[in-house]
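Take a look at the structure below.
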Amino acid sequence: MNKKKIAIIETTLVPLQDLRELFFEIIPEAEIISFVDDSMLKEVISAGKPTPNVIRRYCSYAVNAESIGSNLIFNQCSSVGEVADIAQQMVNIPIFKTDLPMAQEAVEKGTKIGVVATLNTTLNPTSRLIQKVADEKGKKITIIPKLAEGAFELVSRGDKEGHNKLVIKTIQELASSVDIIALAQGSMAVLIPDLKGVDIPVLSSPRSGVLGAKALLETL
C-alpha cells in the first residue's frame, strides 16, 4: 500500500494517544492527522443530541481533512456517527466509523444483540447503526440497549474504579438475555478481560475499526 494520510476526527482527549498507537501498530505506513474538538461531545451530551453547531463544526473538519490531502477520515466517536453521514455528503473521500466493523460482526454472529453504553447519546446511535447494518443485510434482529446508569457521572468525578465496576455489572446482567453484546464506547474494551461469568461474545472498538480502516485504505 502506498503511503496514505488518515485524518481522525476526535471528540475527546481521553483515547487520543491509545488510538494513535493503534494506527501506528496496524497501519505503520500511514500518516496520521488529528482534528480534536472535545467541545463537540460536551455539547452533544448537554443537548442530548448533535446540535446544528456540532454538525457545522464536524463538517468543517471533514472538509479541511480533505483539503490537506487525506485519503480517509476516521470517525472516532459514536455519539457523532450520524453527523459523519451528513459530512460524507460534503467530501469525496470516505469517512469510516470506528464502530462499523463491530456492528457488522454483531449482526453476522447474533440475532439478539445487547448494546451497552454509559451515555444515551452513544447508546442510541450505536443501536441505530447496528439496526441499519441488519436492514442492509436483510436480517431480522432484536436489539436490547442497556445504559450503565451512573457510570458516566462516576468517571466524570474521577472514580474510574467505580465506573468500571458498574459497567462490568451492567454487561454481566445483560449477558443472560442476549447472544452477543456490543460495547458502544471504545474505552470499554479494556474491561473485557475482567468479565467473569460472561460466556457470550463481547465486541468492542476501536481495534476492529482500525483494522476495517486498513482494509478500506487498501482498496483506494
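A short reminder: the numbers here are calculations on the coordinates, not readings from a lab. This is a predicted model, so every value here is computed, not measured. Positions of Cβ are backbone-derived with ideal geometry, glycine not excepted, and every protein chain shown enters the neighbour counts.
Give, as a single signed number, the net charge of other residues whose beta carbon lies under 11 Å from the beta carbon of Ile200, with Lys and Arg counted +1 and Asp and Glu -1.
Numbers: positive: Lys109, Lys112; negative: Asp179, Asp199.
That sum, taken over residues with Cβ under 11 Å, equals 0.
Taking 0.36 nm per intervening residue step and subtracting the Cα-Cα distance, what contour gain separates Gln17 from Lys109 on full extension? Intermediate values should be presented prior to the final figure.
Values: separation 92, 0.36 × 92 = 33.12 nm, distance 3.09 nm.
This chain segment gains 30.0 nm when fully extended.
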| query | For all pairs of alpha-carbon atoms in the chain, what percent lies in each bin of width 5 Å, listed from the first bin to the last filled one? | reply | 1, 7, 15, 19, 20, 17, 12, 6, 2, 0
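Lysine pairs in segment 100-203 with Cα distance under 12 Å, only those 8 or more apart or on different chains: how many are there? Before the final figure, lay out the partial values.
Values: Lys109/Lys139; Lys112/Lys139; Lys112/Lys140; Lys132/Lys140; Lys146/Lys169; Lys165/Lys196; Lys169/Lys196.
Lysine pairs, 8 or more places apart or on different chains, close enough: 7.
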| With the contact rule set at Cα under 8 Å and sequence spacing of 6 or more, what percent relative contact order holds for segment 99-220? | 32
| query | Which percentage, to the nearest 5, of the DSSP beta bridges contained in the chain is antiparallel? | reply | 0
| task | Please compute the net charge surrounding Lys169, taking Lys and Arg as +1 and Asp and Glu as -1 over other residues with Cβ under 14 Å from its Cβ. | result | -1
| query | Counting each DSSP H run of 4 or more residues in the chain as -39500 (n - 2.57), what helix-only mean residue ellipticity at 222 nm follows after dividing by all residues, to the nearest 500 deg cm²/dmol? | reply | -15000 deg cm²/dmol
| Radius of gyration and Dmax for segment 100-203's Cα atoms, expressed in Å? | 13.2, 43
| said: Compute the distance from the alpha-carbon center of segment 79-131 to that of segment 148-193, in whole Å. | reply: 18
| field | Nitroxide proxy distance, nm - points 7 Å out along Cα→Cβ at Asp135 and Glu218 | value | 3.1
